[in-house]
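Enquirer: One structure coming up, written as structure tokens, with questions to follow.
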Number of protein chains: 2
Amino acid sequence: MHALGTHLLIDLKDCNPEVLDNLEEVRDAMVSAANEAKATIVDVSFHEFNPIGISGMVIIAESHLSIHTWPEYGYAAVDIFTCGDQIKPLEAAAYLIERFECKNPSITDMKRGLLPPFGEKHPHKVTEDKLRIFSQS
Amino acid sequence: MHALGTHLLIDLKDCNPEVLDNLEEVRDAMVSAANEAKATIVDVSFHEFNPIGISGMVIIAESHLSIHTWPEYGYAAVDIFTCGDQIKPLEAAAYLIERFECKNPSITDMKRGLLPPFGEKHPHKVTEDKLRIFSQS
């Protein structure tokens, strides 16, 4: 069955809390994960909160990666939403499980945009042979 | 049951394709939706792709809102991930259904971070009585 996108909802339990509360580490892990997935990075934004915790997102041409960490519980919620055939979201997920030293990961793979006619493929919107124009605002 | 966060996965089918491909409209709708939910906006990033489609994220203190549009199919995938008791994610969802003139919405409400002990509430990480320090990178 063809869908417009694949959305991995990832619960990372029993991670290393020091890594989860380190802004540089979390950002680097997420950007590297996007690269592992062969994604095209468009924008990166990470923030740390007081007293604890980090949120961030990597917008990619193929959709996005996001993370919210609760270091006090050793837990992070990660989303990897991708489109197209070239991208490898599970490799990004595997990479993050290792970077965060997660001992208890779970992954739910959800299809987004399952549109009729269900037997047909819906072309990916950003094509490789056309010039990509990214405008940020 | 208490969870760290609530994640609304929203499929908006049969929307107005002109709205879905208008960068200003999409960004304004998402920012307004965050305000409808009484969220605290931390960062906003929206991008339009060639030939068609928009992606964007609003990072909030309470997690994030994201959108990816496929105007050619009248479809948008929206995620509203929120934490804490004060925020109103369903109001944001209802607002977006109206802004995008969606005739066929569906919402899945997923709990993120269901951690033991399951009967106890896990305090929200960003507390109102402490100074919030947002550092962006």
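Enquirer: Would you be able to say whether some residue in segment B:43-57 is modelled with pLDDT under 95 and charged (D, E, K, R)?
Expert: Looking through segment B:43-57, at least one residue is modelled with pLDDT under 95 and charged (D, E, K, R).
Enquirer: Counting only residues that are surrounded by 24 or more Cβ atoms within 10 Å (Cβ to Cβ) and in contact with a helix residue (DSSP H, G or I) (Cβ under 7 Å, 6 or more places away or on another chain), which one in segment A:78-95 is nearest to B:Leu4 (Cα to Cα)?
Expert: Top of the filtered list is A:Val78.
Enquirer: Could you list, in sequence order, the residues of segment B:53-69 that are within 24 Å of A:Ala3 (Cα to Cα) and either out of contact with any strand residue (DSSP E or B) (no Cβ under 7 Å at 6 or more places or on another chain) or not in a strand (DSSP E or B) (or both)? Break it down stepwise before answering.
Expert: Taking segment B:53-69 and keeping what is within 24 Å of A:Ala3 (Cα to Cα), we get B:53-57, B:64-69.
Answer for segment B:53-69, where residues must be within 24 Å of A:Ala3 (Cα to Cα) and either out of contact with any strand residue (DSSP E or B) (no Cβ under 7 Å at 6 or more places or on another chain) or not in a strand (DSSP E or B) (or both): just B:Gly53.
Enquirer: Let me ask another. Tally the residues that are under 26 Å from A:Leu114 (Cα atoms) and outside any helix (DSSP H, G or I), restricting the search to segment A:1-47.
Expert: Qualifying residue count for the region: 17.
Enquirer: Something else about it: With the checklist (1) surrounded by fewer than 24 Cβ atoms within 10 Å (Cβ to Cβ); (2) assigned to a strand (DSSP E or B); (3) at the interface with another protein chain (Cβ under 10 Å from one of its Cβ atoms) in hand, flag the one item B:Asn50 doesn't pass.
Expert: So the condition that B:Asn50 fails would be (2).
Enquirer: Note down all Cβ pairs under 7 Å where the first residue falls in segment A:81-106 and is closer than 15 Å to A:Thr40 by Cβ, the second is modelled with pLDDT of 95 or more and among the aliphatic types (A, V, I, L, M), and they're at least six residues apart or on different chains.
Expert: A:Pro89/A:Leu8; A:Pro89/A:Ile80; A:Ala92/A:Ala33; A:Ala92/A:Ala34; A:Ala92/A:Leu65; A:Ala92/A:Ile80
Enquirer: Could you please find all residues in segment A:53-77 being touching a Ser or Thr at 6+ places or on another chain (Cβ under 8 Å), hydroxyl-bearing (Ser, Thr, Tyr) and at the interface with chain B (Cβ under 7 Å from one of its Cβ atoms)?
Expert: Correct list: A:Ser55, A:Ser63, A:Ser66, A:Tyr75.
Enquirer: Can you name every residue in segment A:48-60 that is more than 17 Å from B:Gly113 (Cβ to Cβ) and without any contact (Cβ under 8 Å) to a residue 12 or more places away in the chain?
Expert: Applying the first criterion (more than 17 Å from B:Gly113 (Cβ to Cβ)) to segment A:48-60 yields A:48, A:50-51, A:57-60.
A:Asn50, A:Pro51, listed by residue number.
Residues checked against (1) surrounded by fewer than 23 Cβ atoms within 10 Å (Cβ to Cβ); (2) among the aliphatic types (A, V, I, L, M):
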{"site": "A:Arg27", "(1), (2)": "yes, no"}
{"site": "A:Val31", "(1), (2)": "yes, yes"}
{"site": "A:Ala34", "(1), (2)": "no, yes"}
{"site": "A:His68", "(1), (2)": "no, no"}
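The values are calculated or read from the model by the stated rules, or taken from the named source; none is laboratory data. Treat the numbers as computed from the prediction; the structure is a model and nothing was measured. Neighbour counts run over all protein chains shown; Cβ positions are idealised from the backbone, glycine included.
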